[in-house]
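Right, one structure below, let's go through it.
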Amino acid sequence: MNDPLILEIRRLRAELAELREDQQFLMRALLQPADKRNAVALLPLIADVLGDRAFTAADVVAAALNTRTPDGQALLELVRERATDDGGLRAFGKMLARIEGMPLAGCRLISAGDGRDGRRWRVVRLSGG
């Protein structure tokens with residue numbers, strides 16, 4: 001490779017990183033404050049309790065009910081708050097759909113496809129760099 005080509009690739013990578021940051025900023029800005037607050041607390045707890053396996057909204061509730069760790073109990077409280085809003089568990093699932101793809105609290109909720117029991121997600125931890 002010649003030097004101008006390498007420089008152009010570096011410039012494009014930097015521009016792509018800047019565009020990604022802009023997109024993430026706009027996604028967070030458009031998110032409702034209540035959803036943002038819930039997601040910042042919820043995503044790390046889901047990652048701690050469920051690990052990297054795929055889950056449905058109902059799986060989160062089941063894991064929270066069956067986990068006696070402090071993280072599990074904190075997750076249960078957050079789920080109770082969201083699931084007691086109008087719509088119950090469906091409202092909780094819709095909130096998960098709204099935060100899908102957004103980097104929050106060092107985590108990102110990604111789609112793992114639709115299954116027999118509804119939409120499935122996975123929480124991935126983001127690297128610091």
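Residue pairs whose Cβ atoms lie under 8 Å apart, separated by 6 or more positions or on different chains, with the first residue in region 106-118 and not assigned by TED's automatic domain parsing to the domain that holds GLY51 and the second at pLDDT 90 or above and of a type in the set (D, E, K, R), do not occur.
Looking at region 1-111, the helices (runs of 4 or more DSSP H) lying wholly inside it that each contain 2 or more residues that are buried (at least 18 other Cβ atoms within 10 Å of the Cβ) sit at 33-50, 57-66, 70-83, 88-99. Could you grab me the full set of residues in region 119-129 that are of a type outside the set (A, V, I, L, M, F, W, C), touching a residue at least 40 places away in the same chain (Cβ under 8 Å) and either out of contact with any Phe, Trp or Tyr (no Cβ under 8 Å at 6 or more places or on another chain) or not in a strand (DSSP E or B) (or both)? Within region 119-129, ARG119, ARG125 qualify. Which of (1) within 24 Å of GLN24 (Cα to Cα); (2) at pLDDT 90 or above; (3) touching a helix residue (DSSP H, G or I) at 6+ places or on another chain (Cβ under 7 Å) does VAL60 not meet, given it meets every other one? So the condition that VAL60 fails would be (1).
The values are calculated or read from the model by the stated rules, or taken from the named source; none is laboratory data. It should be emphasised that the depicted structure is a prediction, and the values quoted were computed from it without experimental measurement. Glycine also receives a Cβ, built like all others from the backbone with ideal geometry; neighbour counts cover every protein chain displayed.
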